[in-house]
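All of the numbers you see were taken from the coordinates with simple rules; none came from a lab. Bear in mind that the values here come from a model prediction, so they are computed numbers and not experimental data. Using ideal geometry, Cβ is built from the backbone for each residue, glycine included, and neighbour counts are taken over all protein chains shown.
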Amino acid sequence: MSMQESDQSVTDDFELAGVPDSFQRLWTPYRMAYIKGGQDQVKDEASCPFCAGPDRTDEEALIVHRGETCYVILNLFPYNPGHLLVCPYRHVPNYTDITVQETAEMAALTQQAMRVLRKVSNPSGFNLGMNQGEAGGAGIAAHLHQHIVPRWNGDGNFFPIIAKTKAIPQTLSEVRQAIAEAWDSENPS
């Protein structure tokens, strides 16, 4: 059997998967749980990962800092290494639902996260943002969270653009530990 005949046995009508091309495949099956869950994965506070996180250890939940009204957590499905989220402890969906105190702490924690990420990984810039509601692109629309995504010149290489894949060079626990240690050294108790 020739290589072309062998390829046809694993290729569908759209010429996917088995079609030889210049790309190798980097599979990221861990993302499927998040993708399949969609908005239905969070029905209430009991099923909300942002409500459950603070009840776990920092290491288990990937929390890098706990404030009075908000906390900072590493994104489980990062766009870039060091992608952080600032979340209020309260289960609220919209920026307009948080108090003045929560708003102030969310802003202060965002600034501190940027300082810490500069120290730990020297990014060239940042993307900051809140996706409000499912139509606004929020992965978990039921619980407000702000993204802090460190960016480097050239981080928009072909992987994320063509292959919809990011290469993350460290484990999440290694990234969490480095950020948490740097955070603590910036804010000695």
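Here are the numbers for this structure:
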| quantity | calculated |
| --- | --- |
| Qualifying residue in region 60-75 (condition: surrounded by fewer than 21 Cβ atoms within 10 Å (Cβ to Cβ), touching a His at 6+ places or on another chain (Cβ under 6 Å) and farther than 24 Å from VAL120 by Cα) | no |
| Close pairs from region 62-82: first under 17 Å from LEU128 (Cα atoms), partner charged (D, E, K, R) and outside any strand (DSSP E or B), Cβ under 8 Å, at least 6 apart | CYS70/GLU102; CYS70/GLU105; LEU74/ARG176; PHE77/ARG31; PRO78/LYS166; TYR79/LYS166; ASN80/ASP155; ASN80/LYS166 |
| Residues of region 109-152 classified as assigned to a loop (DSSP other than H, G, I, E, B) and over 23 Å from ASN94 (Cβ atoms), total | 4 |
| Any hit, region 83-90, residues being touching a Lys or Arg at 6+ places or on another chain (Cβ under 8 Å) and among the aromatic types (Phe, Trp, Tyr) | no |
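Condition check ((1) surrounded by fewer than 15 Cβ atoms within 10 Å (Cβ to Cβ); (2) not polar (S, T, N, Q)) across all residues:
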residue	(1), (2)
GLN101	yes, no
MET106	no, yes
GLN111	yes, no
LYS119	yes, yes
MET130	no, yes
ALA135	yes, yes
ILE148	no, yes
TRP152	yes, yes
